[in-house]
Ligand SMILES: [Fe+2]
């Protein structure tokens with residue numbers, strides 16, 4: 001494929017207001033059965049530029065297992081209750097809150113900072129946004145992380161979850177304005193729709 | 001927050017039910033003058049100004065834009081929902097270089113036919129929508145999930161927030177899924193969706209479209225988009241379609257009528273190929289041969 005011409009990607013479009021009967025599915029947010037050993041709750045709120053929680057966003061997470069293995073197992077849409085597939089989807093409720101039951105991701109390489117990959121879709125959001133949720137604990141790994149160390153401290157904070165008293169994680173998304181979440185461009189061409 | 005955001009318009013994208021539990025009312029103390037109703041003319045003028053500015057930029061040597069603008073004011077709901085900071089460049093790492101795997105355990109073959117989900121035939125024009133999912137290097141995306149959803153033939157969604165006074169169709173839900181073949185191919189049988197009104201501005205109508213959700217071989221290729229039908233007169237009027245300011249890029253969302261796909265005395269055929277971004281991973285030989293998806297299970 002080395003000599004093939006690069007094709008231009010198809011543009012994205014907003015997920016719109018009516019995904020609610022199409023994208024959610026049974027146990028979509030349960031990467032593990034709630035209450036099973038090692039399971040944690042991951043939750044947060046999606047806010048707009050006015051600081052209001054928005055009721056029409058949907059999140060996807062994709063993560064390694066607790067050992068840091070990237071699993072390649074089918075069964076995310078029809079969960080058997082035992083297989084960890086690493087993928088989950090959660091539409092926010094009327095109060096803008098999403099919830100997942102999952103595990104703490106392990107580092108995929110020794111010493112690496114562990115994180116969960118996230119894609120966000122919303123009515124009013126023209127294209128999906130990518131970001132990451134880092135676990136808060138391993139300070140040294142966080143300090144050495146290539147992405148985090150390329151950010152100033154104020155912005156870096158937006159990517160690190162809070163550890164809850166019950167062992168769960170809380171991580172909010174701010175689409176715009178003060179404390180705006182860092183969103184990622186993996187293409188490096190600047191055509192991903194940066195603010196104009 | 002931008003001062004001039006008209007919250008009534010911002011929140012009224014769909015023909016919605018009351019969202020008052022989610023959206024605080026505007027302070028009663030502010031006797032704000034009633035905002036003037038925005039017409040299609042107003043919106044078209046805004047869209048044209050942005051298009052003209054883009055044309056000038058192109059002429060001055062700017063690179064063509066290939067994606068929608070996140071900040072596109074004519075789509076009022078985007079005003080408070082677009083990041084104001086540039087997206088931060090990152091090299092995808094580990095998990096991001098792989099994708100969730102879906103297989104025939106996840107999706108039944110019959111889910112690709114949206115016309116057989118009920119006891120009777122849905123109303124409207126039966127169509128076949130088929131094409132291929134490729135990555136930016138032209139490689140087929142095999143064994144991956146494609147999800148679609150759409151309005152029925154009269155432009156109505158089965159969604160509690162859709163208040164368009166057009167008939168629901170008891171024989172049409174408007175949701176389908178399939179897993180791509182080894183060559184990246186997908187195929188749906190459905191009904192041509194109708195155009196529908198929304199509340200972005202007075203007399204705003206969305207061109208007929210099917211929502212598509214796609215996964216690649218890497219999570220960074222994830223995309224949700226909309227497929228349109230050729231020759232729609234609503235294209236120039238629609239802020240969502242026009243948020244892609246480049247004509248060539250916009251055209252990539254429009255299917256092609258394909259008479260070879262059309263089935264005699266049965267259904268009209270539309271072809272639409274979807275290109276994801278290029279792969280960032282060094283592929284093993286097995287992967288290059290298409291060993292993704294079901295084979296892992
Ligand atoms: Fe739609």
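The values are calculated or read from the model by the stated rules, or taken from the named source; none is laboratory data. If you're wondering where the values come from, they're calculated on a predicted model, not measured in any experiment. All Cβ positions, even for glycine, are placed from backbone atoms using ideal geometry, and neighbour counts span all protein chains on display.
Details
- Every listed requirement among (1) within 16 Å of the ligand (Cβ to nearest atom); (2) more than 11 Å from every other protein chain (Cβ to nearest Cβ); (3) not in a loop (DSSP other than H, G, I, E, B) is met by residue B:240 save one, (2).
- Of all residues in region B:243-268, those satisfying the criterion of being touching a residue at least 24 places away in the same chain (Cβ under 8 Å) and not in a loop (DSSP other than H, G, I, E, B) are B:248, B:249, B:254, B:256, B:257, B:263, B:267, B:268.
- Looking only at region B:258-278, and only at residues there that are surrounded by fewer than 17 Cβ atoms within 10 Å (Cβ to Cβ) and under 23 Å from residue B:135 (Cα atoms), the one that is nearest to the ligand (Cβ to nearest atom): B:271
- Residues of region B:172-213 that turn out to be closer than 14 Å to residue B:275 by Cβ and touching a helix residue (DSSP H, G or I) at 6+ places or on another chain (Cβ under 8 Å), as a count: 1
- Residues within region B:201-221 that are touching a residue at least 60 places away in the same chain (Cβ under 8 Å) and touching a strand residue (DSSP E or B) at 6+ places or on another chain (Cβ under 9 Å), tallied: 12
- Some residue of region B:117-132 being within 12 Å of another protein chain (Cβ to nearest Cβ) and more than 14 Å from the ligand (Cβ to nearest atom): yes
- Test for residue A:121: is it outside any helix (DSSP H, G or I), surrounded by 15 or more Cβ atoms within 10 Å (Cβ to Cβ), more than 7 Å from chain B (Cβ to nearest Cβ) and under 13 Å from the mean Cα position of the chain (by Cα): no
- Test for residue B:103: is it part of a loop (DSSP other than H, G, I, E, B) and crowded, with 20+ Cβ neighbours inside 10 Å: yes
- Taken as a whole, the condition of being within 16 Å of the ligand (Cβ to nearest atom), within 18 Å of the chain's Cα centre (by Cα) and either buried (at least 18 other Cβ atoms within 10 Å of the Cβ) or under 22 Å from residue B:221 (Cα atoms) (or both) does not apply to residue A:48.
- Residue in region A:22-34 that is more than 16 Å from the ligand (Cβ to nearest atom) and farther than 23 Å from residue A:171 by Cβ present: yes
- Some residue of region B:148-166 being away from the ligand (no atom under 16 Å from the Cβ), away from chain A (no Cβ under 12 Å) and touching a residue at least 24 places away in the same chain (Cβ under 8 Å): no
- Listing of strands (runs of 3 or more DSSP E) fully contained in region A:1-118 that carry 1 or more residues being in contact with a helix residue (DSSP H, G or I) (Cβ under 8 Å, 6 or more places away or on another chain), within 29 Å of residue B:199 (Cβ to Cβ) and in contact (Cβ under 8 Å) with a residue 24 or more places away in the chain: A:57-62, A:87-91
- Taking the numbered list (1) closer than 21 Å to residue B:224 by Cβ; (2) at the interface with chain B (Cβ under 7 Å from one of its Cβ atoms); (3) more than 16 Å from the ligand (Cβ to nearest atom) in turn, residue A:100 passes all entries but (2).
- Every condition in (1) out of contact with any helix residue (DSSP H, G or I) (no Cβ under 7 Å at 6 or more places or on another chain); (2) within 30 Å of residue B:250 (Cβ to Cβ); (3) more than 9 Å from every other protein chain (Cβ to nearest Cβ) is met by residue A:127 except one, and the failing one is (3).
- Any hit, region B:35-56, residues being at the interface with chain A (Cβ under 7 Å from one of its Cβ atoms) and either more than 27 Å from residue A:62 (Cβ to Cβ) or at pLDDT 95 or above (or both): no
- Residue B:111 at pLDDT 95 or above, within 25 Å of residue A:84 (Cβ to Cβ) and within 16 Å of the ligand (Cβ to nearest atom): no
- The condition of being more than 9 Å from chain B (Cβ to nearest Cβ) and within 25 Å of residue A:115 (Cα to Cα) holds for only one of A:32, A:77, that being A:32.
- Matching option when the condition is under 19 Å from the mean Cα position of the chain (by Cα), crowded, with 23+ Cβ neighbours inside 10 Å and more than 13 Å from the ligand (Cβ to nearest atom), among B:212, B:172, B:235, B:188: B:188
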